Amino acid sequence: MKIVVLRFLLTSIASVLFCGSSLGQAAEAVLHSFGAYPTDGTYPEGGLLFDAAGNIYGITNAGGENCLDNFGCGTAYELSPMPSGGWTETILYNFCSTGNPSSCPDGAYPSAGLIMDAKGNLYGTASGGGTGGEGTIFRLSPPSVQGGSWTQTVLWSFSENPENGAGPGYGKLNMDSAGNIYGTTAGGGSKRLGTVFELSPQSDGTYSFSILHSFSGSDGYGPLYGVTFDSAGNLYGTTAQGGEGKSICYFGCGLIYKLSESDGTWTETILFEFDGIIGAYPISPISIDKFGNLYGTVEEGGSADCLLPTCGGVFKLVLGTNQKNVFYFAGGSNDGNPQNGVVVGEANALYGTAGLSSGGEVYRLQDSHETILYNFCSLPNCADGAMPSAGNIVLREGALYGATVVGGTNGLGVVYSVTK
């Protein structure tokens, strides 16, 4: 195999050091500003989902009508384009129906984006609540009559039981053609260091839960961003930390893994372990191009000029035989620390976001050259959004869509588009 870690090359655009826009950057539009107290959500996370009609679905980690004394327990929302222009928001569900953040059987504080099945049902995870107190997997079903309400169903509650997972992270679930759901938890499992799980529908309408892999530390721990299928049905993911300990990170710098199934048994293969010099903390989902190459981001590390906790970068993992490991990491820390992975566009252009103390950016990386498409936090008060760490960016019809955790009219996050 061959891995290439591409540090965002320093550009001549001096404004990346500041809060504001630069000459010639792409156009940004705010589709929605969150935080219209007390009914709207706040702090959008987990990335966006489009349906065939162009509606956008997502979650907010807080806000909504419930748990108001605790800043809200989160929402699921829809943004719909209006014929006259602009977007209208609909809250599909307010989490923690009891209104008590210490007891939320339906889940609370969702952090991962949504997926949709062929019937229009939405699936996601809440990081807290549930009967076990460690989060839930839920389904949101559209109303059966026009004007009706969406119905939430808890498919699984996580708990501290070692045979269970605990704390689903920031990664979206994944679903196969049979309706089986796959994901990760940051804790739980035999060593309480995280799991990869499968949730399978049963004939009676219930779901059965099984752990495909429990992490032990030396093979990684803390998988935060879910798993990605390849065309052969293998699963790929990253762990935020762990490894064999051959690194400058106290608990290991994290790794890239593969899970393969044979006769009902899943086997893990460690594809690459980061060491802190080449990169550290791959807090990122895996993206796969048409050639089977794997892409993602490391939050820190990079080179002798970029020791922890600075920099970070983009990695490319080429699977194959008789290939050397090659690393490119140009150094410099002006681009911030990427966390959300990348999306692969035409001609293998990579698109993603990186966080900066000054607001953050949307970038394109192509042929080892970085172009900063947009710098967030225009004055006054970051009305265009700030900290674009709310899940992977979405590439759709020539534009990029995402969310920022803060900023906007109320300072509590926005959904935005950037024309590339």
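Observations
- With a Förster radius of 35 Å applied to the C-beta separation of Ser231 and Ser102, the computed FRET efficiency comes to 0.20.
- By the count of neighbouring beta-carbon atoms within 10 Å, fewest first, Ser127, Ser389, Ser368, Ser159 end up ordered Ser368, Ser159, Ser389, Ser127.
- Considering only the range 121-171, percent of DSSP beta bridges that pair antiparallel, nearest 5: 90 percent
- Stretchable slack from Asp263 to Ile248, in nm (0.36 nm times residue separation minus alpha-carbon distance): 1.6 nm
- Using the Cβ-Cβ distance between Asn161 and Tyr37 with R0 = 56 Å, the FRET efficiency computed as 1/(1 + (r/R0)^6) comes to roughly 0.90.
- In Hz, Karplus ³J(HN,Hα) per residue of the range 241-249 (6.51, -1.76, 1.60; θ = phi - 60°; x = Gly, Pro): 9, x, x, 6, x, 8, 7, 8, 8
- Using R0 = 45 Å, the C-beta based FRET efficiency linking Asp176 and Leu68 works out to 0.70.
- For the range 138-166, the residues whose backbone nitrogen is under 14 Å from a point 7 Å from the Cα of Asn121, taken along Cα to Cβ, are 138-144, 151-156.
- Annotation: extensible slack from Ala29 through Phe291 equals 91.0 nm (criterion: 0.36 nm per residue apart, minus Cα-Cα distance).
- Length-normalised contact order of the chain in % [C-alpha pairs under 8 Å, at least 6 apart]: 17 percent
- Exposed chymotrypsin sites (Phe, Trp or Tyr not before Pro) absent: longest stretch of the chain, with sites in DSSP loops and at most 10 other Cβ within 10 Å deemed exposed: 1-249
- Using 0.36 nm per residue and subtracting the Cα-Cα separation, the extra length available between Ser84 and Ala52 on full extension is 9.6 nm.
- Debye log10 I(q)/I(0) for the range 82-138, one point scatterer per Cα, at q = 0.13, 0.14, 0.19, 0.26 Å⁻¹: -0.42, -0.47, -0.72, -1.00
- Whole-number D in µm² s⁻¹ for the chain, Kirkwood Cα-pair radius fed into Stokes-Einstein, 4 °C, 1.567 mPa s: 60 µm²/s
Read the figures in this text as sums done on the coordinates, not as results from a lab. Computed from a prediction, not measured in an experiment: that's the story for all the values here. All Cβ positions, glycine included, derive from the backbone under ideal geometry; neighbour counts span all protein chains shown.
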